[in-house]
Amino acid sequence: WDSVQPFVTGKYADKGAFILCKTSNPGSNDLLALSLRHQPQSQPTLFEKIANLSQAWSTKAATESPSTSTHPRLGLVVGATDPQALSKARQAAGPNVWILAPGVGAQGGDLDAACFAGLNEHGSGMLIPVSRGISRAADPALEAKRLKEGINEARKNVLAAQSTRSEAGQDGGGIARYQKEFLEFSLSEGVLKFGSFVLKSGRTSPYFFNAGLFSSGGALHKLGKAYAAAIMASDQLVDENGKV
């Protein structure tokens, strides 16, 4: 807290700052994805602890140096190249913390997967910087427009999913953690895609799921874990006395 405090209190009480949480390079897992002992189950890794602290420190800053803004003063830098980490950071930080998510474009981050994982239920809360993907494009203006439209389409899909849950009488917690992680994993593998797809039946679907793309040993391992989690969560395994 003492290293962050000067940037969000006193004469900077009406300002904000971003703290590194989970960087976009694969090597970030060497440190930031380490499990923490003696921590609640909801904060099993170092980057999730950092994400949780961003909200706690924002509250502390507002108490110490009140301002006219009610928004969290601290945001997070979380790489868009790891949708699962992005989702966990969002869950740990809460819906109001802004996330700066580099990695879309030259680094290979998937825009749809990143937005699905990092946007809050209002379809906001993310800043997606793209530099090389635009500056090195044959037509930078056209590429910038394509990215803008892609972000807006992803936001629309998130809001549509939220509306569906609301109509079903569910809130954001209506999806279990293992289900959300499976959806994010499917997006990162290219198995699940959103858009407009004409199926063999002739019906148009807003999504397409190609399970054949679960083709590596690691992917099949995660798929098996998802099935196991679904089986263990099923109420069909519990008898009338509540026993498994």
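The values are calculated or read from the model by the stated rules, or taken from the named source; none is laboratory data. Model, not experiment: these values are computed from the prediction. All Cβ positions, glycine included, derive from the backbone under ideal geometry; neighbour counts span all protein chains shown. Please note that ligands, DNA and RNA were not included when accessible areas were found on the heavy atoms of the full protein model with its side chains. Shrake-Rupley method; radii C 1.70, N 1.55, O 1.52, S 1.80 Å.
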Label-point gap, in nm, between Ser131 and Ser3 - each point 7 angstrom along Cα→Cβ: 2.2
Straight-distance crosslink candidates among lysines, where the alpha carbon sits under 21 Å from Lys145 and sequence neighbours closer than 8 are dropped: Lys156, Lys193
Within-12-Å neighbourhood charge of Lys49 [Cβ basis; K, R +1; D, E -1]: +2
Between beta-carbons, use under 14 Å as the cut-off and find the net charge around Ala211, counting Lys and Arg +1, Asp and Glu -1. +1
Just reorder Ile128, Ile231 by solvent-accessible area, largest first, 1.4 Å probe, all chains present. Ile231, Ile128
Whole-Hz couplings from phi, Karplus 6.51/-1.76/1.60, listed for region 177-182; x for Gly and Pro: 4, 5, 5, 5, 5, 5
Past 25 Å, Cα to Cα, is the threshold; run Lys200/Lys222; Lys22/Lys222; Lys22/Lys60; Lys60/Lys180 against it and keep the listed order. Lys200/Lys222; Lys60/Lys180
Cα pair count fraction exceeding 30 Å, expressed as % - the chain: 34
Here region 24-37 yields Karplus 3J(HN,Hα) values (6.51, -1.76, 1.60; θ = phi - 60°; whole Hz; Gly and Pro given as x) of 7, 7, x, x, 5, 5, 4, 10, 6, 9, 5, 6, 9, 7
Non-local amide H neighbours of Phe18 (under 5 Å, H modeled in plane, Pro and chain starts lacking H): which ones? Gly75
Please compute the contact order of the chain in relative form: average sequence separation of alpha-carbon pairs under 8 Å and at least six residues apart, divided by the residue count, as a percent. 13
Label-point separation, Asn29 to Lys145 (7 Å along Cα→Cβ), nm: 3.9
Looking at the chain only, what percent of DSSP beta bridges run antiparallel? Nearest 5 please. 40
Cβ charges +1 (Lys, Arg) and -1 (Asp, Glu), total dipole of the chain, debye: 340
The correct ranking of Leu34, Leu46 by accessible area at 1.4 Å, largest first, is Leu34, Leu46
Roll a 1.4 Å probe over the protein heavy atoms and report the accessible area of Arg203 in Å², nearest 10. 140
Regression test value, accessible area per residue of region 46-104, probe 1.4 Å, units Å², expected 39
Highest mean first, how do 98-109, 20-31 rank when packing is the count of other Cβ atoms within 10 Å averaged over residues? 98-109, 20-31
Long-range amide H contacts for Thr45: which residues qualify at under 5 Å (H placed 1.01 Å from N, peptide plane, sequence gap of 5 or more or a different chain)? Leu36
Under a 1.4 Å probe, counting only protein heavy atoms, Tyr207 has an accessible area in Å², nearest 10, of 120
Plugging the Cβ-Cβ distance of Ala160 and Ala230 into 1/(1 + (r/R0)^6) at R0 = 30 Å yields, to the nearest 0.05, a FRET efficiency of 0.80
